[in-house]
Amino acid sequence: MTEPLVLGIETSCDETGVGIVRGHTLLADAVASSVDEHARFGGVVPEVASRAHLEAMVPTIERACETAGIRPYDVDAIAVTSGPGLAGALLVGVAAAKALAFALGKPIYGVNHLAAHVAVDQLEHGPLPEPAIAMLVSGGHSSLLRVTDLTAGVDPMGATIDDAAGEAFDKVARLLGLGFPGGPVIDREARSGSSVAIDFPRGLTARHDLERHRFDFSFSGLKTAVARWVEARERSGEPVPVADVAASFQEAVCDVLVRKALDAASSEGIEDLVIGGGVAANSRLRVMAEERAAGLGIRVRVPRPGLCTDNGAMVAALGAEMVARGRTPSALDLPADSSQPITSVLV
Ligand code: KG4
Ligand code: ZN
């Protein structure tokens, strides 16, 4: 059998993504973002995102089919993010996917957004090693997972107990007046700053925290520490060294993420670490993970930055894996589940 041709739809946040893959080969990755419409609010406004998805959906599907050189009838299956994400935004994608699947008479797979962030790496680096440790770092989630079969389920090892890593980037960028989303701007600012200028706290790394939270994350204390530091500086009338704050903050986040991910891999005797989600686009995180893993004999896989942030190709990639492994498709009345747990990879 030839590899499955799958069209994937992603609308969990502010990106309308439509991707088309054949097995592990990426054919099209069309993304329409409403990020500019949210920027002045400093965060994603759900209702604005839902309306933007409605407007962008059909043109983005058409653009993806054109790029891939296929007609919708050619696909073997439709995949869609069923959750987690913004309820209204998810509904637009799920409704579009159902309409396509019904009209074309093709199976539909409602898949987990977080698992899709892991699956996308297959489009760049080939089949996922199994078992692997996956670290998922996005605007809404930060988790460490043990993956034996991505299409069947994953075992959560740890997660953030407060803010997600991307959320911390967004909040710190806001308090530095750098705009939204914060990750890319902090990444850029940090390049001209010193990562050792300010010693910001590393959450949940003290010995007494490790007993209960060895693989969990906490970034809200770090965010507060940055805010206090900046306030003190402003009170004293001195200029805020934005690049140094950005670099030192980024170093603190990456240090904790990489330390815990490598500890998870070592503790399980697993030699492969996959990093996914928007924060995986961070240039410092990528270099630090590579460097530290090499010393431990652990291989690191991170998709290229454009595939780390939300897109439709990741959903198509997970859908293609579902087809290839013979998973039963979802029912046509599948729900959009805004709080779909990571343990549920296919609804
Ligand atoms: O995965 P994603 O696109 O959407 C969610 O599922 O949340 O992740 C978005 C998050 C945002 O918080 C954004 O600031 C962060 O990823 N991000 C980055 C970078 N690019 C995006 N964080 C750090 N460094 C980056 N280069
Ligand atoms: Zn995401």
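Points to keep in mind about this one:
- Selection from the range 90-108 of residues that are open to solvent by 50 Å² or more (accessible area, probe 1.4 Å), assigned to a helix (DSSP H, G or I) and small (Gly, Ala, Ser): Ala95, Ala99, Ala103
- The residues of the range 109-121 that are among the aliphatic types (A, V, I, L, M) and part of a helix (DSSP H, G or I), listed by number, are Leu114, Ala115, Ala116, Val118, Ala119.
- Members of the range 32-56 that are open to solvent by less than 10 Å² (accessible area, probe 1.4 Å) and away from ligand 1 (no atom under 12 Å from the Cβ): Ser34, His53
- Yes/no for Asp29 being touching a residue at least 24 places away in the same chain (Cβ under 8 Å) and surrounded by fewer than 20 Cβ atoms within 10 Å (Cβ to Cβ): no
- One residue stands out among those in the range 269-283 that are more than 6 Å from ligand 1 (Cβ to nearest atom) and assigned to a loop (DSSP other than H, G, I, E, B): the one that is most open to solvent (accessible area, probe 1.4 Å), which is Glu271.
- Pairs are defined by a Cβ separation below 8 Å, a sequence spacing of at least 6 or placement on different chains, a first member in the range 122-142 that is within 16 Å of ligand 2 (Cβ to nearest atom) and outside any strand (DSSP E or B), and a second member that is open to solvent by 20 Å² or more (accessible area, probe 1.4 Å) and of a type in the set (S, T, N, Q); the pairs so defined are Leu123/Thr25; His141/Thr160.
- Among the residues of the range 287-328, those identified as in a helix (DSSP H, G or I), under 19 Å from Ile9 (Cβ atoms) and either within 15 Å of ligand 2 (Cβ to nearest atom) or touching a Phe, Trp or Tyr at 6+ places or on another chain (Cβ under 8 Å) (or both) are Gly306, Leu307, Cys308, Ala313, Met314, Val315, Ala316, Ala317, Leu318, Gly319, Met322, Val323.
- Pair list, Cβ < 9 Å and 6+ apart or interchain, from the range 291-306 residues that are open to solvent by 50 Å² or more (accessible area, probe 1.4 Å) to residues that are modelled with pLDDT of 95 or more and in a loop (DSSP other than H, G, I, E, B): Arg292/Ile298; Leu296/Glu271; Arg299/Pro129; Arg299/Glu271; Pro305/Asn282
- A count restricted to the range 203-221 and to residues that are open to solvent by 50 Å² or more (accessible area, probe 1.4 Å) and not in a loop (DSSP other than H, G, I, E, B) stands at 5.
- Given (1) of a type outside the set (Gly, Ala, Ser); (2) more than 16 Å from ligand 2 (Cβ to nearest atom); (3) in contact with a Leu (Cβ under 9 Å, 6 or more places away or on another chain); (4) outside any helix (DSSP H, G or I), index of the condition Leu332 fails: (3)
- Test for Ala87: is it open to solvent by 50 Å² or more (accessible area, probe 1.4 Å), in contact with a helix residue (DSSP H, G or I) (Cβ under 9 Å, 6 or more places away or on another chain) and within 16 Å of ligand 2 (Cβ to nearest atom): yes
- Scanning the range 111-123 turns up no residue that is out of contact with any strand residue (DSSP E or B) (no Cβ under 7 Å at 6 or more places or on another chain), within 16 Å of ligand 1 (Cβ to nearest atom) and open to solvent by 40 Å² or more (accessible area, probe 1.4 Å).
- Restricting the range 222-241 to residues that are of a type outside the set (Lys, Arg), open to solvent by 40 Å² or more (accessible area, probe 1.4 Å) and assigned to a helix (DSSP H, G or I), the residue that is nearest to Gly183 (Cα to Cα): Thr224
- Within the range 45-68, the presence of at least one residue that is more than 16 Å from ligand 2 (Cβ to nearest atom), free of Cβ contacts under 8 Å to residues at least 24 places away in the same chain, in contact with a helix residue (DSSP H, G or I) (Cβ under 7 Å, 6 or more places away or on another chain) and outside any helix (DSSP H, G or I) is confirmed.
- Single residue of the range 7-26 satisfying the filter (part of a loop (DSSP other than H, G, I, E, B) and open to solvent by less than 10 Å² (accessible area, probe 1.4 Å)) that is farthest from ligand 2 (Cβ to nearest atom): Gly23
- Hits in the range 153-182 (condition: open to solvent by 20 Å² or more (accessible area, probe 1.4 Å) and not aliphatic (A, V, I, L, M)): Asp155, Pro156, Thr160, Asp162, Glu167, Asp170, Lys171, Arg174, Gly177, Gly179, Phe180, Pro181
The values are calculated or read from the model by the stated rules, or taken from the named source; none is laboratory data. This is a predicted model, so every value here is computed, not measured. All Cβ positions, glycine included, derive from the backbone under ideal geometry; neighbour counts span all protein chains shown. SASA here: full protein model, heavy atoms, side chains in, ligands and nucleic acids out. Shrake-Rupley method; radii C 1.70, N 1.55, O 1.52, S 1.80 Å.
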